[in-house]
1. Is it the case that segment 274-284 has a residue that's in the same structural domain as ALA360 (by TED's automatic domain parsing), at pLDDT below 80 and among the polar types (S, T, N, Q)?
2. Going residue by residue through segment 141-161, is there one that turns out to be among the polar types (S, T, N, Q), in a helix (DSSP H, G or I) and more than 27 Å from SER340 (Cβ to Cβ)?
3. Could you give every pair whose Cβ atoms fall below 9 Å, whose first residue belongs to segment 289-305 and is surrounded by 21 or more Cβ atoms within 10 Å (Cβ to Cβ), and whose second residue is among the basic types (Lys, Arg), counting only separations of at least 6 or pairs across chains?
4. Surrounded by fewer than 24 Cβ atoms within 10 Å (Cβ to Cβ) and of a type in the set (Val, Ile, Thr): does that describe VAL91?
5. Are any residues in segment 168-215 part of a helix (DSSP H, G or I), within 19 Å of VAL91 (Cβ to Cβ) and of a type in the set (A, V, I, L, M), and if so, which ones?
6. If you go through segment 273-287, how many residues are surrounded by fewer than 20 Cβ atoms within 10 Å (Cβ to Cβ) and under 18 Å from LEU308 (Cα atoms)?
7. For segment 139-186, what are the residues that are modelled with pLDDT under 80 and among the small types (Gly, Ala, Ser)?
8. Given PHE111, PHE162, which one is aromatic (Phe, Trp, Tyr) and closer than 27 Å to PRO251 by Cα?
Amino acid sequence: MSHRPDRHRGLQARFLTALLLALGCLHVAVAPLRAAEPGAIVVLTASGEVDGLLADQLRDGIAAAAEASAAAVVIRLDTPGGSLAATQEIVGTLLDAPLPTIVWVAPAGGFAASAGTFITLAANLSFMAPGTRIGAASPIDSSGNDIPGTLGDKIRNDTIAFARSIAQERNRPADWAAATVSESRSSSAADAVALGVVDGMAATIQEVVAGASGRTVQVAGRAVTLNLAGAPIVDAVTNPLGGVIRLLSDPNVAFLLFTAGLLALLFEVQSPNLLTGIFGVVSITLAAVGFVNLPTDVTGLMLVAIGLILLALEPAIPSHGVLTVVGVGAFVLGGSALYSQADRFGPSVQVALPLLAIAAVSAAGLGLLITATALRTRGMANPADVQPGSAPVGTVGQVRRPLEPIGSLYAAGEEWSARAADGRSLPRGATVRVVGSDGLTALVEPEPSG
């Protein structure tokens, strides 16, 4: 009797449960705080790389503050840059915000580099803590180098126009904004104030509120005078799961989770058990959460998967190491091309080369060990007991495809056609011993010790 349908249903149930859990964690992690009281000043923290997760957090945080009738939103910004697509989304959120927005570049020693420059320019008001800087927004490729040729000119000119349009909308110096792209210009906090890039310096949030109070800004096409004196200041609580999601969005963590998960699922197919199946489904689901927030290249992902599958096929289809070599090559090529950065002008995102090298060497060693074991196992068989095309008599193995009555047996490092000697049905995973052969079909009996 075959247990395959029940096993498939169990695997589907585990996958759906893990997927819903991961998506639920993602929703909770980016869910905005909705407890701000009317008239409060809501402070949102935006630190680290600018990516899709940060764009979602700021969009939802501003929407929640507007829903709670907050007086203004202050974004505490400290970033080295990031995705152009995420930057455009954040800029659009700030320009269309239904309430006043203020960017505060802090703490001292922090910066609003690259993508942070556009975010700072897009706010109604902006302030910088002493010792901070802003600028250096030139587009770069995934290696951190200038983009050459016509493509580089197109991206650079479009980014310059993007910077100018934001500066003009917020009445800030458009020439300075363009120079941050064309010349990688950067300015200290004091210079930025003198040039009119930002509205002032502020060492504390209280100084930000004092500097913004009484100013008139344009919000959704209407003039709004900020009356923030005495308004309560509310820090938006960062959900602990947000840190988990950001960890999953690390390119190395996502790569490791996907690799481990796929290997676990391949092992589950070869040797069914509960733990590796659940581990594989959960790992791949968590990796998918990270891939959504990374510039993942589908081709690279497929090459990694193909490489691992070829390595897993080595025990079933002994190729004297050919599958291992090709699998490792596909794995390394896919890992090095796993992330694409065509729309980025921030830090490069890629799988760390030492990690990729260690994973490739480990996979190659495992494949070679499996090949050597299979060759040694076949060499130990008694030639007198072996019929051409059949498994060695006396070999103990496991049923791979249920014997109903003909199925397959995995033994001596290979998969063989097999049936029970007495014609009975045997399920997948049953331990059997080869007692003879019928042409190319091995005859087996249940192994009591199994």
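1. Within segment 274-284 (the criterion being in the same structural domain as ALA360 (by TED's automatic domain parsing), at pLDDT below 80 and among the polar types (S, T, N, Q)), the answer is no, since none of the residues qualifies.
2. No.
3. ASN293/ARG246
4. So VAL91 passes the test.
5. ALA174, ALA177, ALA178, ALA179, VAL181, ALA192
6. Taking segment 273-287 and keeping what is surrounded by fewer than 20 Cβ atoms within 10 Å (Cβ to Cβ), we get 273-276, 278-279.
If we keep only those that are under 18 Å from LEU308 (Cα atoms) as well, we get 276, 279.
Residues in segment 273-287 being surrounded by fewer than 20 Cβ atoms within 10 Å (Cβ to Cβ) and under 18 Å from LEU308 (Cα atoms): 2 in total.
7. Result: SER142, SER143, GLY144, GLY149, GLY152.
8. Details: PHE162 fails: closer than 27 Å to PRO251 by Cα.
Going through PHE111, PHE162 in turn, just one is aromatic (Phe, Trp, Tyr) and closer than 27 Å to PRO251 by Cα: PHE111.
The values are calculated or read from the model by the stated rules, or taken from the named source; none is laboratory data. Just so we're clear, the structure is a prediction, and the values are computed from it rather than from any experiment. Don't worry about glycine lacking a Cβ; one is built from the backbone with ideal geometry, like all the others, and counts go over all protein chains shown.
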